[in-house]
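> Pasting a structure here, questions to come.
FYI, it's all coordinate maths here, none of it is from the lab. In this text, all values refer to a predicted model and were calculated from it rather than measured experimentally. Cβ placement follows ideal geometry from the backbone for every residue including glycine, while neighbour counts extend to all protein chains displayed.
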Amino acid sequence: MASSDSVSISVLKRILMVLDDIGGGISRTSLSAKTGLNYGTCIKYLKFLALLGCVSFRFDSRHVSITETGRSLMSILQKSNNVFDAGSNVRGAFEDSAIRPDPILLKEVMPIRRAV
C-alpha cells in the first residue's frame, strides 16, 4: 500500500483478477510477480484483503486464493471502474452483489456529481 494507509482500487482489482484467473491457490511470490507488485506491497494488500474476507491462505499459508466475497468485490470494482470516483454509478455497482454498501454512506455519496 502507499506510504500511508491508503489503498489503490486498481491494485486491489489487479490482485483479485489474477487470483480469479488462476482459480486455485498461488504462492505469494508468484502472485507478486504476476501482478507486478513488490513482494512487501503485495503482502500488505493480501493482509488487507484477508481482513475483508476476500482471500484465504492455504497449505502452509504461503499460498493464497480468492473467496466468493473476493469475487463479489472484484465484480463490483469491474462494473464501476472506481467505486470511490464521484462520477461513478455507486448504487448500480452493488446490484446483484453479496456485498451491500452502508445505506447512510451511500446516501451521502450519491448526491455528489462531477462539475460539467
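> Determine which single condition S65 fails, assuming it passes every other condition in (1) part of a helix (DSSP H, G or I); (2) crowded, with 16+ Cβ neighbours inside 10 Å.
All conditions are met except number (1).
> What tally of residues in segment 31-43 results from selecting those that are exposed (fewer than 15 other Cβ atoms within 10 Å of the Cβ) and under 14 Å from R14 (Cα atoms)?
Selection size over segment 31-43: 3.
> Okay, next question. Show the residue pairs that are 6+ apart or on different chains and have beta-carbon atoms under 9 Å apart, the first residue being within segment 23-40 and over 23 Å from E68 (Cα atoms), the second being of a type in the set (V, I, T) and assigned to a helix (DSSP H, G or I).
Partner pairs satisfying both residue conditions: L37/V11; L37/I15; Y39/T29.
Yes/no per residue for (1) outside any helix (DSSP H, G or I); (2) in contact with a Leu (Cβ under 7 Å, 6 or more places away or on another chain); (3) not polar (S, T, N, Q):
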| position | (1), (2), (3) |
| --- | --- |
| S10 | no, no, no |
| R14 | no, no, yes |
| A50 | no, no, yes |
| S56 | yes, no, no |
| S61 | yes, no, no |
| S72 | no, no, no |
| L77 | no, yes, yes |
